[in-house]
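Right, one structure below, let's go through it.
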Amino acid sequence: MATVLGICCSRRQLGNCEVLLREALDAAGEGGAAVEFLRLPDLRFEPCRGCLACVYKGSCAIRNDDLGLLLEKILAADGLIVAAPTYLLSPAGIVKLVADRALNLTPHLEALAGRTRVAATINVAGNDKWNPLGVELLNLFALAFGYRVIDYLDAYAPGPGEVLLEPDNVVRARELGRRVARALAGQVEERPPEPRECPHCYSRAFRLLAGDRVVCVVCNTTGRLAAEGGVLRFRPDPPGPEGHFWTLPHRRHHLDEWVIPSRDRYLARRRVIKELLAKYRV
Ligand SMILES: Cc1cc2nc3c(=O)[nH]c(=O)nc-3n(C[C@H](O)[C@H](O)[C@H](O)COP(=O)(O)O)c2cc1C
């Protein structure tokens with residue numbers, strides 16, 4: 001039986017993220033998946049130390065927190081539904097704290113390659129004008145842990161539970177859960193992206209390049225902006241051989257061609273760097 005892990009990133013009991021996530025998981029369960037609900041703030045996470053032991057030694061140097069437990073659940077789960085509140089224009093800090101540790105997926109990339117792993121995300125903010133990065137950086141969390149994002153919901157309500165005053169939020173949350181369960185039963189059908197969304201990660205955040213060219217800040221898909229029939233559209237370039245940033249082949253390529261060789265490049269220049277650092281030592 002396919003498994004769906006639900007991760008709630010809010011501390012509020014019966015808050016907006018929790019209720020929408022529970023609806024989504026309930027619908028995924030009705031669709032035939034085994035579901036589990038996890039509250040991320042109940043676990044303890046240290047910030048990444050930047051040592052890259054996960055890449056070079058195959059395991060994290062931090063052993064006294066709950067990343068191992070979370071990773072075990074994430075590696076086992078075919079589906080992920082993650083819900084997070086927006087704090088200060090983007091998902092609550094715990095989302096980034098944990099996503100920073102996603103290089104710990106490195107030893108497992110090949111094992112994940114043959115599996116269908118899909119995610120949907122739920123972002124709740126108070127006000128859409130104050131939420132430019134909520135969906136984008138929450139989708140990044142799912143991508144970083146090796147899932148293909150097939151749907152998202154952004155809902156707006158400040159008070160805990162207030163999201164239920166708009167019945168469509170519950171309808172959409174359940175649709176998300178059903179879509180994930182259907183995909184895991186073999187019918188992968190992603191929500192079609194809007195004209196101004198990146199087709200790979202649904203991001204609406206693009207960096208301007210020269211002329212009409214832009215790049216998606218989440219998955220590095222390049223393309224151009226085109227005004228067609230009064231609608232501004234993102235027209236992506238054809239994907240390269242490894243696809244966008246978060247495909248497993250692209251990650252392997254980035255590790256092999258850049259991250260791993262960066263160690264030898266550093267070691268070759270270590271003496272010079274040590275001399276340059278000398279005046280900062282106290
Ligand atoms: C510290 C804090 C910062 C917030 N910052 C934003 C913000 O930048 N933009 C926004 O739209 N809402 C913001 N909100 C509102 C929350 O996103 C909103 O209350 C949401 O429903 C919380 O979800 P929850 O009930 O699942 O915790 C903030 C709330 C808190 C407590």
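Tabulated results
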item: Matching residues in the range 160-172 - criterion: being within 12 Å of the ligand (Cβ to nearest atom) and closer than 12 Å to Leu25 by Cα; result: none
item: All helices (runs of 4 or more DSSP H) inside the range 65-166 with 3 or more residues being touching a Phe, Trp or Tyr at 6+ places or on another chain (Cβ under 8 Å), of a type in the set (Lys, Arg) and in contact (Cβ under 8 Å) with a residue 60 or more places away in the chain; result: none
item: Filter pass, Val118 being over 22 Å from Ala185 (Cβ atoms) and within 16 Å of the chain's Cα centre (by Cα); result: no
item: Of the criteria (1) among the aliphatic types (A, V, I, L, M); (2) exposed (fewer than 15 other Cβ atoms within 10 Å of the Cβ); (3) within 12 Å of the ligand (Cβ to nearest atom), which one Leu69 fails; result: (3)
item: Flag for Asp256 being acidic (Asp, Glu) and touching a Ser or Thr at 6+ places or on another chain (Cβ under 8 Å); result: no
item: Test: residue in the range 20-27 that is of a type outside the set (D, E, K, R) and surrounded by fewer than 21 Cβ atoms within 10 Å (Cβ to Cβ); result: no
item: Residue in the range 221-232 that is more than 20 Å from Pro132 (Cα to Cα), more than 22 Å from the chain's Cα centre (by Cα) and part of a loop (DSSP other than H, G, I, E, B) present; result: yes
item: Candidate set: the range 208-244, residues that are without any contact (Cβ under 8 Å) to a residue 40 or more places away in the chain and in contact with a Cys (Cβ under 6 Å, 6 or more places away or on another chain); chosen: the one surrounded by the most Cβ atoms within 10 Å (Cβ to Cβ); result: Cys216
item: Hits in the range 83-132 (condition: within 9 Å of the ligand (Cβ to nearest atom), of a type in the set (Gly, Ala, Ser) and either closer than 21 Å to Asp42 by Cα or crowded, with 19+ Cβ neighbours inside 10 Å (or both)); result: Ala83, Ala84, Ser90, Ala92, Ala125
item: Subset of the range 181-207 (residues that are in contact with a Leu (Cβ under 8 Å, 6 or more places away or on another chain), farther than 14 Å from Pro236 by Cβ and buried (at least 23 other Cβ atoms within 10 Å of the Cβ)); result: none
item: Extreme residue, surrounded by the most Cβ atoms within 10 Å (Cβ to Cβ), among residues of the range 37-57 that are over 20 Å from the mean Cα position of the chain (by Cα) and either at pLDDT below 95 or outside any loop (DSSP other than H, G, I, E, B) (or both); result: Ala53
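The values are calculated or read from the model by the stated rules, or taken from the named source; none is laboratory data. Here the structure is a predicted model, which is why all the values come from computation and not from measurement. In this analysis, Cβ positions are derived from the backbone assuming ideal geometry, glycine residues included, and neighbour counts consider all displayed protein chains.
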